Amino acid sequence: MNLFSDFLASIRTAANAVAADYALQGTIDLDKVTAEPPREPTHGDIATNAAMVLTKAFGKPPRVLAEAIAAKLSEHTDVAHVDIAGPGFINIRLRQTVWPRLLDAALSLGESYGGSRLGGGLKANVEYVSANPTGPLHVGHCRGAVFGDALAQLLTETGFDVTREYYINDAGAQVDTVARSAFLRYREALGETIGEIPSGLYPGDYLKPVGAVLAREHGDGLLALDEAQWLPIVRTKAMAMMMDLIRDDLAALNIRQEVFFSEKSLHDSGEVADTIADLRAAGHVYQGSLPPPKGEVPDDWEDREQTLFRATAFGDDMDRPLLKSDGSFTYFASDVAYSRNKIRRGYKELIYILGADHGGYVKRLEAVAAAVAGPGAVKVVVRLCQLVKLYRAGEPVRMSKRAGEFVTLRDVVDEVGPDVVRFMMLFRKNEAPLDFDFAKVTEQSKDNPVFYVQYAHARTCSVLRNAEAEGLSGGKPDFALLTDPAEMGIIRRIAEYPRLLESAAIAHEPHRVAFYLYELAGEFHALWNKGKESPQLRFILKEDLETTITRLAFLRVIRYVLANGLRILGVRPADEM
């Protein structure tokens, strides 16, 4: 049951009925009409902007139109009263009979309450992490990994057909650098003293296991080979072991992507060359030269003819090179082929989760999709994740010894656990910087959001366990017995949940779920504390079995919503703390 979408349909019906009364011709565009909770709960249960956004189409002042729509809405069996505020906002107050029906529906749906068919089975590809396989994931990757995974689950919950994907950048020069670094560790594993790691190679200890495996599998045989001979052997082994390391890091965060797509496979299959040829045939690739960079021109810049993608024809601010001066493909050429590959796999929404420094990718990825599939055929969404700064009791955290240059994702997860990491990474909007303090995220207080929400779930479980032990489980609830303002506040919050999930999915903002859970937990803890002062509000009243059965059922609904929201965020609902 989605109270707000149900009433949105009723509001649109009322607006169409008013249009008929006014004898308006044609179809009225109702897309901008909304039904949402009022900013002030005292104003009612549902607010709509219908009169404000339809005033031009109807040719009537907002207040006059609001009165006409309000008169239609007053006839609804679930409406107790309709008020008009300001220039024409409509506030609807519902009859008390609505809330027991809503709780009955939520109780029967259990942890599936809140899900919807908003996406209509649309195929969506969410690509996230996609870190170069040069070593373990660092804390910066952690935020994008959690955000992408939660977004994928949020979209799944609201009816999209989602694929979670990782793009392996295994075709660039950095891959050869990893191989050369691993070869150094191979020599070390054979007993050679390698000294300080040369500049330009990866110094982290995480490559030592690669060297050890190479030594075990090849003995000293690789030493007799030229670099051209040993490089592909070492590169293959290093890439495989780096990806195993990355998968293990992701698994520590409870992230398991369905597809790991290799950039190298695009080149080996000839798909990059084929893509460029097809775009050239369609008139989207040409030979030309680019203007010099804005500002100070680099000394090595040269004005030369290049193979260019006509990105400006699709909204980008410049055309993009597809070939380097040595004739090899640019990294962007791989991006073009990869986008075409996704589109050919049937995805209608391509979602990219990228670091904050990738803002320039937005327009070019949109341009590629428009060129390959046609303008508007495929939706491209790019979400950028800002940096994470680590602190310990207010002091910056030093770099990881194992990685050599950064704090690893695994360091953070091993210290505080995946649940804490995931919730806190989602308790800020992805575009906002995030300070992660190890001391604060492990506090057991209201100031620690993950503890506060987990504690609320654990409290519901505790009461239900006690009730079962006393033989009080079962029975049909009468939710009309819940009349206290604190109870009604929670019921209204529960009513908002399906709408919250849909709006968060549309905006691609899973942090809204984390905020909602924190607010719901706060209202639940307040009701719990109120029960200490007013015994008649406690969940178990041995002298009043009917009220007890009802409140226990109410507790189950609260637990279902908390558990559902935590599951979307990838956080384990705690049964006890």
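Quick notes on this structure:
- From the options 66, 80, residue that is over 25 Å from residue 501 (Cα atoms), at pLDDT 95 or above, in contact with a helix residue (DSSP H, G or I) (Cβ under 7 Å, 6 or more places away or on another chain) and hydrophobic (A, V, I, L, M, F, W, C): 66
- Residue in region 38-46 that is assigned to a helix (DSSP H, G or I) and crowded, with 20+ Cβ neighbours inside 10 Å present: no
- Some residue of region 86-101 being under 32 Å from the mean Cα position of the chain (by Cα), under 29 Å from residue 482 (Cβ atoms) and of a type in the set (Ser, Thr, Tyr): no
- Among the residues of region 314-331, the one identified as part of a strand (DSSP E or B) and in contact with a Lys or Arg (Cβ under 9 Å, 6 or more places away or on another chain) is 320.
- Residues that are farther than 16 Å from residue 112 by Cα and within 17 Å of the chain's Cα centre (by Cα) number at least 3 in the following helices (runs of 4 or more DSSP H) confined to region 485-577: 485-507, 511-533.
Conditions (1) buried (at least 20 other Cβ atoms within 10 Å of the Cβ); (2) over 16 Å from residue 546 (Cα atoms); (3) free of Cβ contacts under 8 Å to residues at least 12 places away in the same chain, marked per residue:
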position: 456; (1), (2), (3): yes, yes, no
position: 460; (1), (2), (3): yes, yes, no
position: 475; (1), (2), (3): no, no, no
position: 492; (1), (2), (3): no, yes, no
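Condition check ((1) assigned to a strand (DSSP E or B); (2) within 22 Å of residue 492 (Cβ to Cβ)) across all residues:
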site: 56; (1), (2): no, no
site: 67; (1), (2): no, no
site: 72; (1), (2): no, no
site: 80; (1), (2): yes, yes
site: 100; (1), (2): no, yes
site: 103; (1), (2): no, yes
site: 114; (1), (2): no, yes
site: 121; (1), (2): no, no
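- Put simply, of 179, 171, 228, 212 the only residue that is touching a Ser or Thr at 6+ places or on another chain (Cβ under 8 Å) and either modelled with pLDDT under 95 or not charged (D, E, K, R) (or both) is 171.
- Every residue from region 521-551 that is in contact with an Asp or Glu (Cβ under 9 Å, 6 or more places away or on another chain) and either in contact (Cβ under 8 Å) with a residue 60 or more places away in the chain or of a type outside the set (Gly, Ala, Ser) (or both): 527, 530, 536, 537, 540, 542, 546, 547, 549, 550, 551
- Verdict on residue 106 being hydrophobic (A, V, I, L, M, F, W, C) and touching a Phe, Trp or Tyr at 6+ places or on another chain (Cβ under 7 Å): yes
- Within this structure, residue 129 fails the test of being assigned to a helix (DSSP H, G or I) and either touching a helix residue (DSSP H, G or I) at 6+ places or on another chain (Cβ under 6 Å) or buried (at least 24 other Cβ atoms within 10 Å of the Cβ) (or both).
- With respect to the conditions (1) among the hydroxyl-bearing types (Ser, Thr, Tyr); (2) surrounded by 17 or more Cβ atoms within 10 Å (Cβ to Cβ); (3) more than 17 Å from residue 159 (Cβ to Cβ), residue 497 falls short on a single one, namely (3).
- Test: residue 136 is part of a loop (DSSP other than H, G, I, E, B), touching a Lys or Arg at 6+ places or on another chain (Cβ under 9 Å) and either hydrophobic (A, V, I, L, M, F, W, C) or under 30 Å from residue 350 (Cβ atoms) (or both): yes
- Selection count where residues are part of a loop (DSSP other than H, G, I, E, B) and either surrounded by 13 or more Cβ atoms within 10 Å (Cβ to Cβ) or of a type in the set (Asp, Glu) (or both), scope region 376-398: 4
- Residue in region 410-429 that is in a helix (DSSP H, G or I) and either of a type in the set (Gly, Ala, Ser) or within 19 Å of residue 127 (Cα to Cα) (or both) present: yes
- Applying the criterion of being assigned to a helix (DSSP H, G or I) and touching a residue at least 60 places away in the same chain (Cβ under 8 Å) to the residues of region 181-222, the residue that is surrounded by the fewest Cβ atoms within 10 Å (Cβ to Cβ) is 205.
- Check on residue 436, farther than 30 Å from residue 546 by Cα and aromatic (Phe, Trp, Tyr): yes
- Within region 63-88, considering residues that are touching a strand residue (DSSP E or B) at 6+ places or on another chain (Cβ under 9 Å) and β-branched (Val, Ile, Thr), the one farthest from residue 43 (Cα to Cα): 69
The values are calculated or read from the model by the stated rules, or taken from the named source; none is laboratory data. The structure displayed is predicted, hence computed values, not measured ones. Cβ coordinates were reconstructed from backbone atoms using ideal geometry, including for glycine residues, and neighbour counts include every protein chain displayed.
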